[in-house]
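To start, the structure itself, in structure tokens.
The values are calculated or read from the model by the stated rules, or taken from the named source; none is laboratory data. The model shown is predicted, which means the values in this text are computed figures rather than measured ones. Here the Cβ is made from the backbone with ideal geometry for all residues, glycine too, and neighbour counts use every protein chain on show.
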Amino acid sequence: MVHDPLDALPDGVVIAGSDGVVTHANPVARTMLDLPDPVGRPLDAVLRLQDAQGLVWVPANDPYGGIGTRTGIPEQSWLLPDGTEVLTTARMRRPRPGAPVEEVAVVLRSGRGRARLDRDRSDLVATVAHELRSPLTGVKGFVQALLNRWDKLNDDQKKLMLTTVSSDSDRLSRLITELLDVARIDTGRLQLYARPTDAGVLVGRVVESVQSATARPLELTVADDLPPVHADPDKFTQVVTNVVENAVRHGEGTVRIDVARTTAGHVDGIDGVRIVVDDEGEGIPVELRRRVFTKFWKGGARGGSGLGLYLVGGLVKAHGGVVTIDDAPGRGARIAVSWPAEGPHGNL
């Protein structure tokens, strides 16, 4: 028995000849259209698709008419008789430009993928709105208090409010930067300005900054023999900040940061610097570790945009590095970032 290759496709395919009569419909199309045997029937009787205005596919697109150079119909959204959305594209075959159409091939694809994309976009909007609202509320509240009670506040109170406004403004700025970097990673347009960089100095600055905003103890150990890493200093700082803050937010007890030299013979195969961040929390189950660096992944219920570790994975990869997750000694999670010591590694 000879099998038609079209029958193996995941999308529905309907083909009609020059007379508008269907010559082939693969099993997926027959199921979608609820027609066990559409072959030999007119195309307009087989493609019983309507849009929201009640238009029907064949009259609306007129695949056999129109200008003589037309060879295709772009993706459109239509509804099956049962109300299910399908996305259609079509191709018209002509022996030469201007000649009559000899064959029309219509592809029907389930609209579930687009619905899932729409949900992802809605999740992004909701996440961004939630993350922006909190610091904006703080900024607005303190600024309003300063405007209304300026003469009644002493200098220490004013300084505290302005410091909080500055901190919330930095948080807003950082979130916007993260969102822009996510878009650049997704579209392959992330630009790196890498140069020889002192990893120990940058990690020290990050730890000092994070420590100033938390009561959780942070312990930093930096080896003396670190080679310069080839990194965009801003992106390197962003990676380390996200990893350390993630350990502070989701872990417990002391957060330990160790910066040491690594060689190509190490398990990561990187010759450069390895930054290990250990916390004393519950750890990350093995079955979830592949999901940690995906967009909007959130572990636990302690907030966050769900973008931090997604950016870590993208930025480390862009520099030619490796990031891994393991168990910390005793208990908790360990995130290790191995960063190359030299040589440009390109951009995403």
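It is to be established whether one or more residues within region 140-154 are over 15 Å from residue 237 (Cβ atoms) and crowded, with 17+ Cβ neighbours inside 10 Å. The answer is yes, given that some residue of region 140-154 is over 15 Å from residue 237 (Cβ atoms) and crowded, with 17+ Cβ neighbours inside 10 Å. Being under 21 Å from residue 132 (Cα atoms), more than 23 Å from the chain's Cα centre (by Cα) and acidic (Asp, Glu) holds for only one residue in 181, 168, and it is 168.
In region 167-206, which residue that is among the aliphatic types (A, V, I, L, M) and over 25 Å from residue 294 (Cα atoms) is surrounded by the most Cβ atoms within 10 Å (Cβ to Cβ)? Among them, the one singled out is 199. Considering the conditions (1) out of contact with any helix residue (DSSP H, G or I) (no Cβ under 6 Å at 6 or more places or on another chain); (2) at pLDDT below 90, residue 339 is excluded by exactly one of them, (2). Consider region 277-286 and keep the residues that are in a loop (DSSP other than H, G, I, E, B) and touching a residue at least 40 places away in the same chain (Cβ under 8 Å). The one that is surrounded by the fewest Cβ atoms within 10 Å (Cβ to Cβ) is 282. Contact map, region 64-87: residues that are closer than 20 Å to residue 54 by Cβ and of a type in the set (A, V, I, L, M, F, W, C) paired with residues that are exposed (fewer than 11 other Cβ atoms within 10 Å of the Cβ) and modelled with pLDDT under 85, Cβ distance under 9 Å, separation 6+ or inter-chain. Pairs shown: 79/52; 87/113. Set side by side, the residues 195, 205, 149, 174 differ, and just one is without any contact (Cβ under 8 Å) to a residue 60 or more places away in the chain and in contact with a strand residue (DSSP E or B) (Cβ under 8 Å, 6 or more places away or on another chain), which is 195. Within region 226-250, residues that are over 21 Å from residue 341 (Cα atoms) sit with their Cβ atoms under 8 Å from residues that are among the polar types (S, T, N, Q), at 6+ positions apart or across chains, in these pairs: 248/214. Cβ separations smaller than 7 Å between residues 6+ apart or across chains give the following pairs from region 40-53 residues that are closer than 12 Å to residue 77 by Cβ to residues that are assigned to a loop (DSSP other than H, G, I, E, B): 49/80.
For residue 208, the stated conditions hold: it is more than 26 Å from the chain's Cα centre (by Cα) and either outside the structural domain of residue 330 (by TED's automatic domain parsing) or part of a helix (DSSP H, G or I) (or both). Would you mind stating whether residue 22 is modelled with pLDDT under 90 and either in a helix (DSSP H, G or I) or more than 36 Å from the chain's Cα centre (by Cα) (or both)? In short, no. Screening the candidates 274, 291, 249 for the property of being assigned to a strand (DSSP E or B) and charged (D, E, K, R) yields one hit, 274.
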